[in-house]
1. Would you mind calculating the gained length between GLN218 and PHE108 on full extension (0.36 nm times residue separation, minus the Cα-Cα distance), in nm to one decimal?
2. Express in nm, to one decimal, how much length is gained between ASP191 and LYS278 on full extension, taking 0.36 nm for each residue of separation and deducting their alpha carbon distance.
3. Per-residue HN-Hα couplings for segment 364-370, Karplus 6.51 cos²θ - 1.76 cosθ + 1.60 at θ = phi - 60°, whole Hz, x for Gly and Pro?
4. Can you give the relative contact order of segment 57-189 as a percent, counting alpha carbon pairs under 8 Å and 6+ residues apart?
5. Below 13 angstrom from the Cβ of PHE374, what's the summed charge of the other residues (Lys, Arg +1; Asp, Glu -1)?
6. Can you give the accessible area of VAL328, probe radius 1.4 Å, in Å² rounded to 10?
7. If you roll a 1.4 Å probe over the heavy atoms of the protein chains, what accessible area per residue do you get for segment 460-530, in Å²?
8. Spin-label point model (7 Å from Cα, Cβ direction): what's the ARG396 to MET146 distance in nm?
Amino acid sequence: MGRTTAPVPNEHLNVQLNGNNLKSAICKENGYYNKEQKNSTENGAGPRSCQKRFQRPESFEQAPMYVAVMTYLGFGIVTLFGYFRDFLRAVGLEKCHIAKEREEQKDFVPLYQDFENFYTRNLYMRVRDNWNRPICSLPGPVFDVMERVSPDYNWTFRLTGKTIDGVINMGSYNYLGFAENDADFMKTVADRTQQYGLGVCSTRQEMGNLVIHGELEQLVATFLGVESSMAMGMGFATNSMNIPALVGKGCLILSDELNHTSLILGARLSGATIRVFKHNNMQSLERLLREAVCSGQPRTHRPWKKIMIMVEGIYSMEGSVVRLPDIVALKKKYKAYLYLDEAHSIGAVGPTGRGVTELFGLDPSDIDVMMGTFTKSFGAAGGYIAGKKELVDYLRSHSHSAVYASAISPPITEQILRAMKCIMGLDGTTVGQARVHQLAENTRYFRSRLQEMGFIIYGNDYSPVVPILLYMPGKVVAFSRAMLERKIGVVVVGFPATPITEARARFCLSATHTKAMLDQVLFDLNQLGDDLCLKFSRRKYSPRPQQQHNDDDTTTTTTTQTLSRTVS
């Protein structure tokens, strides 16, 4: 895809990998790390304290072989029926609901490709009632779902006027519970709305730059421990519109294979060369880095202008945490840059909610570009880019999201300020820190109980994103519908958003979930897991009390809950 403007060189992010200094620079870095061979990247690079902290296990248990066979068989059956139904539509025995070409345009280049829409037409439509469910209340720990029915097998829906009240919300990204409507907490937001109104109707560079925007950016920089930051009104665009300003033609992006679509889109829009390394695999990443430094660009073998590693703090589909100490060591070793997306980790992990850099005890200055969103832990909207002042100043004049996008709405800005001050304790209370700690406790409890029951779950012990593997397409549909009948709202995800054999239900924990709520969810999960045969794990977990390290790994406390408790 072509760029709208010519690439502008960035003197502040320019990798010096040209001329005769290339070999000496790499040799110097290699010499330094050879002295630290005990902490090499292949054995867990980084400071020893970081290694200790990362020794928390990440679970990626493989299902038995018969599960994969049954999953492929299930998709094969529904695909055959899909072709049969297409035949019935073609001969007029079944009504065709899909968009199609006009008769007078049959000789034109087709707008709708039948094969491309096959999955949507024949598979997704039959189970579409499991997605896009309308809610009619605050998306807190519980919400109300609007009841709907379909007279034509999910091609269209009709609201019945009834609601399903008190559904436990296990799908929203409301990690710290700041998506709330408490009048006392929201008073400052109401005051800002009265003062500034709802919208700015201009960009920051024209007539939309308010005092509270500058206050927000200063607070974000203080919160993250960096020199400067800039805030934007859309989290997705924070990635997709800023990456093209940082890299361009002649640059190399090394992207984790499970990166979010916004990162992928930004990389593609930049015009840079993209190479993908295996998820959280340091050997794969170092192999690409070594090749990039030694071989340079294809055909010409000139040094790359920049090499940028792009990763996420918490991967939203897997629940895994980035191996940040190892990646920082590699980026220093090969003189690359690091772009860290903390959309799901900022506010949700770390002793004080400052993300994965705090979780691993790393210096924020080791991260060249820190990105995050306000849509999850802060209960608002938008995103930020943070780092050195030179980086932020450059992006203010070269980023499309900074130059062309409307400024953040004043009440949204105040909501972010309110939530961040609460987390930092600047509001004079300990509510924010209590929520951070409660989220960590809920996460540990929920994950340990699921493992005890025999479910296969993915991810890191610290991650509030908890995927339960369902595998088979029929089980995905049955699981989602059965959970709603039990008044539990869940998000189910399948192909093509996941590998075809790894369909799952994704649970998102919140600090506002009470233990009674979690116990109710676990009780229903235990029953449903038996009814639908979803307990595929072959691992055995000890029923003894587990030792849990506190966030700074200096002391340990024994959990008061034992894993021998049953859900019944």
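The values are calculated or read from the model by the stated rules, or taken from the named source; none is laboratory data. Just so it is clear, the structure is predicted and the values come from calculations on it, not from any experiment. Please note: Cβ atoms are built from the backbone with ideal geometry, for glycine as well, and neighbour counts cover all protein chains shown. Heads up: the accessible areas ignore ligands, DNA and RNA and are worked out on the full protein's heavy atoms, side chains in. Shrake-Rupley method; radii C 1.70, N 1.55, O 1.52, S 1.80 Å.
1. My answer for the length gained is 34.1 nm.
2. Contour length minus Cα-Cα distance gives 26.5 nm.
3. x, 5, 6, 9, 6, 10, 9
4. 16 percent
5. On the way: positive: LYS376, ARG418; negative: GLU217, GLU342, GLU414.
Net of charged neighbours comes to -1.
6. Spelled out: VAL328, probe radius 1.4 Å, area about 10 Å².
7. Details: 2120 Å² over 71 residues.
Accessible area per residue: 30 Å².
8. 4.3 nm
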